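Read through the structure below, which is laid out as C-alpha cells, and then see the notes.
The values are calculated or read from the model by the stated rules, or taken from the named source; none is laboratory data. Quick caveat, the model's predicted, so the values are computed rather than measured. Positions of Cβ are backbone-derived with ideal geometry, glycine not excepted, and every protein chain shown enters the neighbour counts. SASA here: full protein model, heavy atoms, side chains in, ligands and nucleic acids out. Shrake-Rupley method; radii C 1.70, N 1.55, O 1.52, S 1.80 Å.
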Amino acid sequence: MARVKSHRLTIANTRQTIDCGTSQTILEAAIMAGIDYPYACATGNCGTCTSHLDAGTVSLLPRSDASLSQQQAKAGQTLACRARPRSDLTVTWLSRGGG
Amino acid sequence: MTAQEKRNRACKKLLVDVHAITDKEGLTPSALHAIKLKLVALAGKKELFPLADFEMPVAEGRNHPLLVEDNDGHGLYLTIGLPGKEAAPHDHGIWCVNAAIAGRECHKFFRRTDGMTRPGHASVEQIAEVMVEPGTGMAMSDHDIHSTEVLGDEPAVGLALYGYALVRFPSVAWYQPQFGSIRTTPSRRHAAMA
C-alpha cells in the first residue's frame with residue numbers, strides 16, 4: 001500500500017482547502033499556498049499561530065511550554081507552526097497577531 | 001544554608017557584579033563579554049542548580065525565573081531545552097547573555113541583508129556560530145540576531161540573563177529565511193509601567 005504523502009488541509013478562516021505534506025507544518029503549507037496565516041516565530045515559541053483543530057489529528061514538533069499550555073491543548077488548540085498532519089485537517093486560527 | 005539560599009545569594013551577587021560592570025563601562029561589547037564570563041562562572045557551580053529543583057518542560061522548553069529585578073531591571077533565568085527545541089532567527093531588542101550548565105545549544109548569528117523597504121519582507125545571512133556548552137557562553141547586543149537549537153541527546157540546561165525581564169520584553173522581530181519574511185510579537189514594555 002502506498003504511503004500517504006499529503007493530506008487535505010482546510011483553513012476555516014479563509015474557507016480554502018489545500019494539500020499539506022506529511023513532512024510539512026500547517027503553517028508552511030498555508031504560506032506556500034499564499035494564505036496570510038498569522039505567525040511570528042514559526043518555531044513554537046510565541047503562540048501567534050495558535051489555532052483550533054476543528055477536525056483531524058496532528059503530531060507536534062518541539063515547542064516551548066509557554067507557547068501552548070496543557071489547558072489549550074486539552075481544549076483542542078494547536079500551533080500551526082509545529083503541527084504536521086496525520087489525517088485530513090480543518091483548522092481555525094485564533095488571532096491576528098504578528099506583524 | 002540551604003541550596004536554594006546559596007543559589008539566591010549567588011544570583012544576587014551576580015547582578016551586583018553586572019551592575020558594577022555596566023555602571024563603569026556602559027553596555028559595550030567588552031562589558032557584555034565581562035558579564036558573560038561572570039555568568040559562565042556561575043553556571044559552572046552546578047551544585048547550585050540541581051535539576052531536582054526545577055521542573056522539566058511539559059513540552060520541550062521551559063524558563064524558570066531565578067531573579068527578576070524590581071524597577072524594570074534585569075531578568076535571570078534557568079532555561080531547559082530538550083533535544084530538537086529551536087528558535088528561528090530573532091532580535092530580542094534587548095541584550096542577552098547565556099551560559100551552559102549542561103548539554104549543548106547551537107547559537108547562529110545573522111545579519112539582515114535586505115534594504116528594509118518592503119514591510120513584512122526580510123532576508124538574513126549567517127555570520128557566526130557558537131556552541132554553548134559547559135564552560136562556555138554567548139553574549140549579544142540589543143539588536144543582534146540569533147537562532148538557537150538544542151543538539152545531542154541530553155537536555156540543554158543553562159542560565160540566561162536579559163536586560164529586561166521576559167514579562168517586560170520589547171517587541172521581538174522574528175526572521176523566517178524559508179519565507180523571506182519578518183514578523184514581530186507585541187511589546188510587553190507597558191508592563192514595566194504598571
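Please name which of B:174, B:90, B:65 has its Cα lying farthest along the dipole of chain B towards the positive end, using unit charges on Cβ (Lys, Arg +1; Asp, Glu -1) and the Cα centre as origin.
The residue sitting farthest along the positive end of the dipole is B:65.
Could you give the dipole magnitude of chain B about its Cα centre, charging the beta-carbon of Lys and Arg +1 and that of Asp and Glu -1, in debye to the nearest 20?
300
Under a Cβ-only charge scheme (Lys and Arg +1, Asp and Glu -1), can you give me the dipole magnitude of the protein assembly as shown about the Cα centre, in debye to the nearest 20?
The calculated dipole for the protein assembly as shown is roughly 360 debye.
Work out the FRET efficiency for residue A:88 and residue B:178 from their Cβ-Cβ distance, taking R0 = 30 Å, and round it to the nearest 0.05.
Rounded to the nearest 0.05, the efficiency is 0.80.
Could you name the lysines in cross-link range of residue B:13, using Cα to Cα under 18 Å and dropping any fewer than eight places away on the same chain?
Correct list for residue B:13: B:24, B:36, B:38, B:45, B:46.
Please report, in whole Å, how far the alpha carbons of the protein assembly as shown spread along each principal axis, starting with the longest.
Extents along the principal axes, in whole Å: 61, 45, 39.
What whole number of Å gives the distance from the Cα centroid of segment B:3-31 to the Cα centroid of segment B:138-182?
21
Round to the nearest 0.05 the FRET efficiency obtained for residue B:141 and residue A:4 when R0 = 41 Å and r is the Cβ-Cβ distance.
Rounded to the nearest 0.05, the efficiency is 0.30.
Can you give the three extents of the C-alpha atoms in segment B:57-119 along their principal axes, from longest to shortest, in whole Å?
40, 35, 21
So for segment B:3-184, averaging the separation of alpha carbon pairs under 8 Å that are six or more residues apart and normalising by length, what relative contact order in percent results?
27
How much accessible area per residue does segment B:1-112 have, in Å², with a 1.4 Å probe?
Result: 47 Å² per residue.
I'm checking a number: the convex hull volume of the Cα atoms of segment B:108-194, normalised per residue, in Å³. What is it?
131
Might you report the magnitude of the Cβ-based charge dipole of segment B:20-133 about its Cα centre, with Lys and Arg at +1 and Asp and Glu at -1, to the nearest 20 debye?
About 300 debye.
Report, by chain and number, residues whose modeled amide H sits under 5 Å from the one on residue B:181, excluding near sequence neighbours (fewer than 5 apart, same chain).
B:122, B:176
Taking the Cα atoms only, what angle lies between the long axis of helix B:3-25 and the longest principal axis of chain B, rounded to 10 degrees?
Once rounded, one gets 50 degrees.
Can you work out the FRET efficiency for the pair residue A:74 and residue A:13, with r the C-beta to C-beta distance and R0 = 25 Å, to the nearest 0.05?
0.65
State the percentage of accessible surface on chain A attributable to carbon and sulfur atoms; use a 1.4 Å probe and exclude ligands, DNA and RNA.
Solvent-exposed carbon and sulfur of chain A make up 48 percent of the total.
Would you kindly work out the equivalent ellipsoid of segment A:6-93 from its C-alpha gyration tensor and give its semi-axes, the square roots of five times the eigenvalues, largest first in whole Å?
Each semi-axis is √(5λ); the values are 18, 13, 12 Å.
What residues have an amide H closer than 5 Å to that of residue B:103, excluding those fewer than 5 places away on the same chain, when H is modeled at 1.01 Å from N in the peptide plane?
B:157
Using alpha carbon coordinates only, what is the Rg to Rh ratio of segment A:1-42, with Rh defined as the Kirkwood radius?
The Rg/Rh ratio comes out at 1.01.
For peptide B:176-187, how many partner chain Cβ atoms fall within 10 Å of a residue's Cβ, on average?
If you average over the peptide's residues, the count of other-chain Cβ atoms is 5.
Leaving ligands, DNA and RNA out of it, report the carbon-plus-sulfur percent of the accessible area of chain B at a 1.4 Å probe.
Roughly 52 percent, rounded to a whole number.
Using the scaling law 2.2 N^0.38 Å as the reference, what is the normalised Cα Rg of segment B:3-184?
1.03
Just the number, please: buried accessible area between A and B, total of both chains, 1.4 angstrom probe, nearest 100 square angstrom.
Looking at A and B, the buried total is near 1700 Å².
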